[in-house]
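**Q** Mind looking over this structure? Questions follow.
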Amino acid sequence: MKFYITTPIYYLNDEPHIGHAYTTIAADIMARWKKIRGFDVFFLTGSDEHGAKIAAAAKEKGKTPQEFTDEMSGKFKEIWKLLNISYSDFIRTTEERHIKSVQTIIQTLYDNGLIYKNKYEALYCIGCEKFMSEKELDENGLCPYHKAKPVLQSEENYFFKLSQFQQPLLERITDPSHKEHLEICPEERKNEITGKLKLGLEDISVSRAALSWGIPLPFDKEQTIYVWVDALVNYITATGYPNTADALYKFWPSDIHLMAKDILWFHSVIWPAILMGCGLPIPKQIYSHGFFTIDGNKMSKSLGNAISPRYLADSFGIDPLRYLAVSLIPFGPDGDISYSALKAKYNEDLADNLGNLISRVIKMAAKYFDLIVPKASGEESSALFKSVKNVLENDFESEMDNFQLHKAAFALQKALTLINQQIENDAPWKLAKTDREDLAQKIFSYLQSIDLILIYLFPFMPSLSQKIWTICAAQGSVEESAKQYFKKGASLSIFSKAGAKLLDSGILFPKKV
Ligand code: MSP
């Protein structure tokens, strides 16, 4: 089974902030989860390099747009490397393969009679790279996202007959039995889109006469293709389009396009309409998460309240940051973030629950068994292991299937708490004096239960789950073991084995004060 997931391709006008990292980490967690579940995964991210916004940012830095985007795309790649993002491909819209793909799409729309020329005058927000109606502006006449005044533009442009797609889109979005059903999640966002769609659709301008930094329109070289049409096409370019014989084309249509609500309309209305206009299959699901906000305002570079992922990675560590980013606020609505909220979550979930558990189990194994995994009788898994497994299979798995990452993280905590509580109940330090055999059994069950949790923790914390896996004397790679575990069923043979040497854990998550 294939699974194709995408992030938006980000504008390169500035360095990535934790809001961009949020989407990318979430997509990476999902991609890794699907991979260990046996899916053939294609995970795409990249950069949106054309348009007025980039041209202006390059000019400000005294660089050509190409020089500027070469440099800035490198900065995005660096951050994704730092955050251990396992993308399959990083697409840049200035690449030859993409230019060819966009030109093929627009030419097909033209050939299908869906493009016409018209004079147009409207307000344009450069930050959003879109025309805006008066009603979309705030009470001061500003773009609500960029708090900037849109500029009046008047040009002769080419238009796409978007208005023809109102009914076909409504059918695909609202009817789950439609063979080309487009699922928009969460439900509230779907309702917003369908509500707006029902009010009617206007044709949209898909070219610019006055902007040279873009892909030339194949049927009128005086104009460039509107940056949003250019950008959306990236998702199909990466699968080899227009060469549908390309091996990667098997991944089309995409399974999930992930993004925040600011760009949901483009993805759930304009993008599928373009594809339909070309007779191409449309995406299966569009998932919109909320904004990271600071004191209620969307975090963004233009508002000057952006937090750098580098700063947070330095403070908490890379894997903890990946975990905290997706577990702090519910996945869907907006949520305020602050350093103190991240710190509190770090201390509670990672220092006190996970870190404390590993350290106490390893300390007991050191004290009573000289850091050797003790031998437990019988092949049967313990009651503790079964209840941990139950939480992971019932809570974690279903939450992941619904992209509820914060709830999946909660299920991990619940499973960890079960082991911590069991240790309190067992009081192994008392058993040490009375029943060594039972003590061995108990320690063995803690280790196996931890191993099991690590398999599920892996997508969130790929490096630290491997580190703890090795500390617990489980063999090889946690990722490979996870794949085997899900493929072959719960074979216990992949977990910590009696006689194997445990490692001193040290302090994995130093408490933050
Ligand atoms: N280039 C377009 C996307 C084209 S996709 C075909 C664009 N780029 S962007 O750089 O502005 O990125 C927008 C996306 O970044 C949002 O949809 C979201 O995924 C992510 N985020 C940006 N700021 C964010 C927050 N403050 N909080 C959460 N996500 C954030 O739009």
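**Q** So what's the Cα pair-distance distribution over the chain, bin width 20 Å, in %?
**A** It works out to 21, 49, 23, 6, 0, in whole percents.
**Q** Further, regarding this structure: Given a Förster distance of 56 Å, report the FRET efficiency between ALA366 and ASP295 from their Cβ-Cβ distance, rounded to the nearest 0.05.
**A** E between ALA366 and ASP295, to the nearest 0.05, is 0.75.
**Q** Label 7 Å along Cα→Cβ of ASP175; segment 247-291 residues with amide nitrogen under 16 Å?
**A** Residues 282 qualify, since their backbone N sits under 16 Å from the label point.
**Q** At 7 Å along Cα-to-Cβ for each site, give me the label-to-label distance between GLU424 and ASP203 in nm.
**A** In this crude spin-label approximation the distance works out to 6.9 nm.
**Q** Still on this structure: Need one number: nm distance between label points at GLU15 and GLU71, each 7 Å from Cα along Cα→Cβ, rounded to one decimal.
**A** 1.3 nm
**Q** Dipole magnitude of the chain about its Cα centre, charges +1 at Lys/Arg Cβ and -1 at Asp/Glu Cβ only, in debye to the nearest 20?
**A** So the magnitude is around 1220 debye.
**Q** Here's something else I'd like to know. Anything in the chain that counts as a DSSP H helix reaching 18 Å or more along its axis (C-alpha) with Kyte-Doolittle mean of at least 0.5? List them, would you?
**A** Long hydrophobic helices here: 356-369, 436-457.
**Q** Follow-up. Using the 4.7 Å Cβ rule, please list in number order the cysteines from the chain without any candidate partner.
**A** Here CYS185, CYS278, CYS472 come out as lacking a disulfide-compatible partner, given the Cβ-Cβ threshold of under 4.7 Å.
**Q** Roughly how big is segment 338-494's charge dipole about its Cα centre, with Cβ charges of +1 (Lys, Arg) and -1 (Asp, Glu), in debye to the nearest 20?
**A** That gives a dipole near 360 debye.
**Q** Show me, for segment 428-435, the HN-Hα J-couplings you get by feeding each phi into the Karplus relation (A = 6.51, B = -1.76, C = 1.60, θ = phi - 60°), rounded to Hz, glycine and proline as x.
**A** So the J values, rounded to whole Hz, are x, 4, 7, 4, 4, 8, 10, 9.
**Q** How far apart, in nm, are the 7 Å Cα→Cβ label points at THR470 and LYS81?
**A** Distance between the two pseudo-spin positions: 2.1 nm.
**Q** Based on the alpha-carbon set only, what is the convex hull volume of segment 109-152 divided per residue, in Å³?
**A** Once divided by residue count, the hull of segment 109-152 is 89 Å³.
**Q** Round to a whole number: what % of the accessible area of segment 338-494 belongs to carbon and sulfur, probe 1.4 Å?
**A** C and S atoms contribute 50 percent here.
**Q** Still on this structure, please answer the following. Of LEU371, PHE444, ILE358, which is farthest on the positive side of the dipole of segment 329-447, counting Cα position, with +1 on Lys and Arg Cβ, -1 on Asp and Glu Cβ, and the Cα centre as origin?
**A** My answer, from the dipole projection, is LEU371.
**Q** In Å, what is the Rg of the alpha-carbon atoms in segment 338-494, and how long is Dmax?
**A** When restricted to Cα atoms, segment 338-494 yields Rg and Dmax of 15.6, 49 Å.
**Q** With an 8 Å cut-off on Cα pairs and a minimum separation of 6 or more residues, tell me the relative contact order of the chain in percent.
**A** Reported relative contact order: 15 percent.
**Q** Considering only protein heavy atoms and a probe of 1.4 Å, how much of the accessible area of segment 203-259 is carbon and sulfur, as a whole percent?
**A** 54 percent
**Q** Given an 8 Å cut-off on Cα distances and at least 6 residues of separation, report the relative contact order of segment 1-126 as a percent.
**A** 29 percent
**Q** Do any of LYS2/LYS301; LYS284/LYS467; LYS414/LYS497; LYS35/LYS301; LYS75/LYS130 go past 29 Å between their Cα atoms, and which?
**A** With Cα atoms farther than 29 Å apart: LYS2/LYS301; LYS284/LYS467; LYS35/LYS301.
**Q** Hey, what D do you get for segment 181-291 in µm²/s if you plug the Kirkwood alpha-carbon radius into Stokes-Einstein at 20 °C and 1.002 mPa s?
**A** 140 µm²/s
**Q** Along the charge dipole of the chain, Cβ charges K/R +1 and D/E -1, which of GLN421, PHE219, ILE106 sits furthest on the positive end?
**A** Of the listed residues, the answer is GLN421.
**Q** Averaging sequence separations of C-alpha pairs under 8 Å and six or more residues apart, then dividing by the length of segment 223-355, give the relative contact order as a whole percent.
**A** Once normalised by length, the contact order is 19 percent.
**Q** Okay, next question. Based on the Cβ-Cβ distance of LEU503 and GLU136, what FRET efficiency does E = 1/(1 + (r/R0)^6) give at R0 = 41 Å, to the nearest 0.05?
**A** After rounding to 0.05, the efficiency reads 0.10.
The values are calculated or read from the model by the stated rules, or taken from the named source; none is laboratory data. Computed from a prediction, not measured in an experiment: that's the story for all the values here. In this analysis, Cβ positions are derived from the backbone assuming ideal geometry, glycine residues included, and neighbour counts consider all displayed protein chains. Quick note on the areas: whole protein, heavy atoms, side chains included, nothing else; ligands and nucleic acids left out. Shrake-Rupley method; radii C 1.70, N 1.55, O 1.52, S 1.80 Å.
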